Amino acid sequence: MRRAFSACLVVALVLLPLFVQGKVGGGDVEYKPKGAGHVLFQHEYHVNLKGAKCNNCHYKPFSMSGGGSYKMDMKMLTKGDFCGLCHDGKKAFDLKSPRNCKRCHRE
């Protein structure tokens, strides 16, 4: 009886992190650029569905402290800064193509 309990306890301790593991990320982050539709960055989409790792973006090009105000524009992004680090047409869709604007910018 004691052996069965010990075995169950070990299994539970091994499997528990798999069931308790919460969502990764700080939730959605909204950017409101001047002259363009807002951009909603979704941590869950990038991490859980696309397999991005936290250290792909944190601490460079983005800090981990939520609510950071970043001065970025499309010129910076298309040169490979901020989101353009991955959205280069190789790792992820290209930010330079006008047909991709609506993939990020919402009305």
Open item on the list: If I take R0 = 41 Å and measure r between the Cβ atoms of Ser69 and Ser97 in this structure, what FRET efficiency does the formula 1/(1 + (r/R0)^6) give, to the nearest 0.05?
Closed with: 0.90
TODO: May I ask you to evaluate 6.51 cos²θ - 1.76 cosθ + 1.60, the Karplus curve with θ = phi - 60°, for each residue of the stretch 47-59 and list the ³J(HN,Hα) values in order in whole Hz, giving x for glycine and proline?
DONE: 7, 6, 8, 9, x, 5, 9, 3, 6, 5, 10, 10, 8
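Taking each pair of different alpha-carbon atoms in the stretch 23-106 once, compute 1/r for the pair, average those values, and report the inverse of that mean as the Kirkwood hydrodynamic radius in Å to one decimal.
Values: mean 1/r = 0.0749 Å⁻¹.
Roughly 13.3 Å, rounded to one decimal.
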Open item on the list: At 7 Å along Cα-to-Cβ for each site, give me the label-to-label distance between Met76 and Lys32 in nm.
Closed with: 1.8 nm
Task: ³J(HN,Hα), Karplus 6.51/-1.76/1.60, whole Hz, each residue of the stretch 73-78, x for Gly, Pro - done: 9, 4, 4, 5, 5, 6
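Readers should treat all values here as calculations from the given coordinates under stated rules, not as data from a laboratory. Since the model is a prediction, treat every value here as computed from it, not as a measurement. Because the Cβ atoms are built from the backbone with ideal geometry, glycine has one as well, and the counts that use them run over all protein chains shown.
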